[in-house]
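Asker: To start, I am sharing the structure in question, which I have written as C-alpha cells.
No lab work stands behind these numbers, since they all come straight from the coordinates. Every value quoted in this text rests on a predicted model; they were computed, and no experiment measured them. No Cβ is skipped: glycine too gets one built from the backbone with ideal geometry, and neighbour counts run over all protein chains shown.
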Ligand code: SF4
C-alpha cells in the first residue's frame, strides 16, 4: 500500500522510470544514452537553479507588489504587453529558469497574459538567440521570424489568458464566483472588511469573502472596497468569472 501510495504521489517520475526501463529492454544503447543525457540536464539544472532561486528571492524582496501590478498586471494593458516582451527578450539562461521567476511575478500581481508573453519571448525571441540566428540564417530570416513570432505570441497569449485563470496557478484563491482576492498580494490591512463588512472579513490576517448568496451586492460599497485595497488584490467580474 505504501509503495502504491508513493507511486501515485510521484506518478510522473514513475512513468519516466518505466519509460527508461522499457528503453533499456528494447534498446540498451538507446537506454544508456537517455540516462546520460538526463544526467547532463539534471547536473546543469542543479548548477543553475540555486542561482535562479536566489535571484528570484532578491527580486521578490526588492520589487514592490504595486510596481509589478502597475507594470505587468491586468491593468497595465499595452504597456504590460510591451514590457513583458522586453523582460522575456533580454533574459538569459534556459527556459526552465523562467518558471520560478514567473511564479513570483504572478504572485505579485503580474497577469496570466504577461506571464505567457515573458515565457514565450524567453523561449523563442531572446536577444542572444536572435543574434546567433542572424549570424547563421541571415538577418532577413531572423527579422521575418521575429515579427511573425511576436504577432503569434501576442495573439496566443490573449487566447490563453481567456482560458487559464489566476486561480489555476499556485497561490490564488477564487473566493466567490466573480469575486477574487489575491491572497498572496493581500497585506492584511483590513480596509476591505471595514468598507464592506457584509462581504469581506479577515481570516489569519488575510482577507476572505463571506458567502454572499442571496445578498444583493452593493456595487458602490464593493467598488469602494476594491479601490481602497492598497495592493489591488481584489477583482470583481460581474459575469461570474475572473
Ligand atoms: S484591502 Fe486588500 S490588502 Fe487590505 S485586507 Fe483587503 S484585500 Fe487585503
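Asker: Quick check: pseudo-label points 7 Å beyond the Cα along Cα→Cβ at residue 169 and residue 11, how many nm apart are they?
Answerer: Each label point is offset 7 Å from its Cα along the Cβ direction, giving 2.4 nm.
Asker: Restricting attention to the alpha-carbon atoms of the chain, what are Rg (one decimal) and Dmax (integer), both in Å?
Answerer: 22.5, 69
Asker: Specify the angular offset, from 0 to 90 degrees and rounded to the nearest 10, of the alpha carbon long axis of helix 98-107 from the longest principal axis of the alpha carbons in the chain.
Answerer: With both axes taken from Cα atoms, the answer is about 0 degrees.
Asker: Taking the beta-carbon count within 10 Å as an exposure proxy, list 34, 120 from fewest neighbours to most.
Answerer: Taking fewest neighbouring Cβ atoms as first place, the list is 34, 120.
Asker: Oh, and also: Helix-only mean residue ellipticity at 222 nm, the chain, DSSP H runs n ≥ 4 weighted -39,500 (n - 2.57), per residue, nearest 500. What is it?
Answerer: Roughly -20500 deg cm²/dmol at 222 nm, from the helical runs in the chain.
Asker: How far is helix 11-26 tilted, in degrees, relative to the longest principal axis of the Cα atoms in the chain, given as a value from 0 to 90 rounded to the nearest 10?
Answerer: That works out to roughly 10 degrees.
Asker: Would you kindly calculate the translational diffusion coefficient of region 2-60, applying Stokes-Einstein with the Kirkwood radius from alpha carbon pairs, for 10 °C and a viscosity of 1.306 mPa s, and quote it in µm² s⁻¹ without decimals? Present the calculation step by step, with values, prior to reporting the outcome.
Answerer: On the way: Rh = 13.8 Å.
Approximately 115 µm²/s, per Stokes-Einstein.
Asker: Who wins for biggest fluctuation among 210, 165, 36 in a Gaussian network model of the chain, springs between alpha carbons below 10 Å?
Answerer: Of 210, 165, 36, the Gaussian network model singles out 36 as fluctuating most.
Asker: Another one. With 10 angstrom as the radius, rank 15, 234, 95 by how many other C-beta atoms surround their C-beta, starting from the fewest.
Answerer: By the 10 Å Cβ count, ascending, the order reads 15, 95, 234.
Asker: Mind sorting 122, 146 by how few other Cβ atoms lie within 10 Å of their own Cβ, fewest first?
Answerer: 146, 122
Asker: Give the angle, between 0 and 90 degrees and rounded to the nearest 10, that separates the Cα long axis of helix 112-124 from the longest principal axis of the Cα atoms of the chain.
Answerer: Here the helix axis deviates by roughly 20 degrees.
Asker: Starting from the alpha-carbon convex hull of region 74-207, give the projected area averaged over all orientations, in nm².
Answerer: 9.4
Asker: Next question. Run the numbers on the chain and let me know its relative contact order in percent, using alpha-carbon pairs under 8 Å that are six or more apart.
Answerer: After rounding, I find 14 percent.
Asker: Okay, next question. Between region 193-211 and region 1-40, what is the separation of their alpha carbon centroids in Å?
Answerer: 48
Asker: Please identify, among 116, 21, 54, the residue showing maximal mean-square fluctuation in a Gaussian network model of the chain using a 10 angstrom Cα cutoff.
Answerer: 21
Asker: Top mean-square fluctuation among 97, 78, 22, Gaussian network model of the chain, C-alpha springs under 10 Å?
Answerer: 22
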